[in-house]
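Please treat every number below as a calculation from the coordinates, not as lab data. Nothing here was measured: the structure is a model prediction, and the numbers come from that model. Don't worry about glycine lacking a Cβ; one is built from the backbone with ideal geometry, like all the others, and counts go over all protein chains shown.
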Amino acid sequence: MRNPMPVAKEGSGTRCVSPWPMSALRVVFGVIWSIDATLKWLPGFRAGYMSTIMGIANGQPAWLKPWFRFWVNLQHPRAMFFAYLVAVVESLIAVALLTGFARKFTYASAAVFSFLIWATAEGFGGPYTSGASDIGTAVIYAVVFLGLLALSYYAGPSPYSVDYYLDRRLSWWWRVAEVGHPKRSGSKLPAAQPVPPGVLSPQRLAPTKSRG
């Protein structure tokens, strides 16, 4: 008689990836963003903000000139507003990473923000210019955010986050916090497993009563 197939245990359909490594990565990344955001609040950043954008635009090839000209014309009349806006956005990203607040929304929007910084202030990293030694840091930030977004899908809800407690009080919060609807272990009993071919059931093993 063949061995029976293993029976699924209760909650085996849920994700079983430990959430603490991803949470540790998130917090460390949040510390990095906190330092970056602190530097953005210094007077030197605001004073040299527009000159930095214009300097990056001047070194671009002709086929990228329209793109950078658009951003220079947009920001030049209100340079202080955009400098403060960058500082505020980076501060909000840092706080969200450290606390685990609205993780799905934070990861997705921060990835877009990082890519936008890479495409403007960092000039796409300038790999097409002579003397370029790297492709810029902002695009790496964007990749890390996308990685955190993917890890959130496999790890599920993290108890080391504000989202974990908000999700218990707000039924809709998972939409901005989790990648897919969170599956809580033990919320439903597993479906009955079919008996594989060749396995005798207890009823068939029971002795039959003789007639007469």
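Sorted from fewest to most neighbouring beta carbons within 10 Å, what does the list PHE68, PHE115, PHE145 look like?
Details: PHE68 20, PHE115 17, PHE145 23.
Lowest count first: PHE115, PHE68, PHE145.
Quick check on the exposure proxy: order TRP20, TRP172, TRP41, TRP33 from fewest to most C-beta atoms within 10 angstrom.
Values: TRP20 11, TRP172 8, TRP41 14, TRP33 22.
Ascending number of Cβ neighbours within 10 Å: TRP172, TRP20, TRP41, TRP33.
Could you line up ARG26, ARG168 from fewest to most neighbouring Cβ atoms inside 10 Å?
On the way: ARG26 25, ARG168 10.
If I rank by nearby Cβ atoms, fewest first, I get ARG168, ARG26.
On the principal axes of its Cα set, how long, how wide and how thick is the range 64-154? Give whole Å, largest value first.
41, 31, 18
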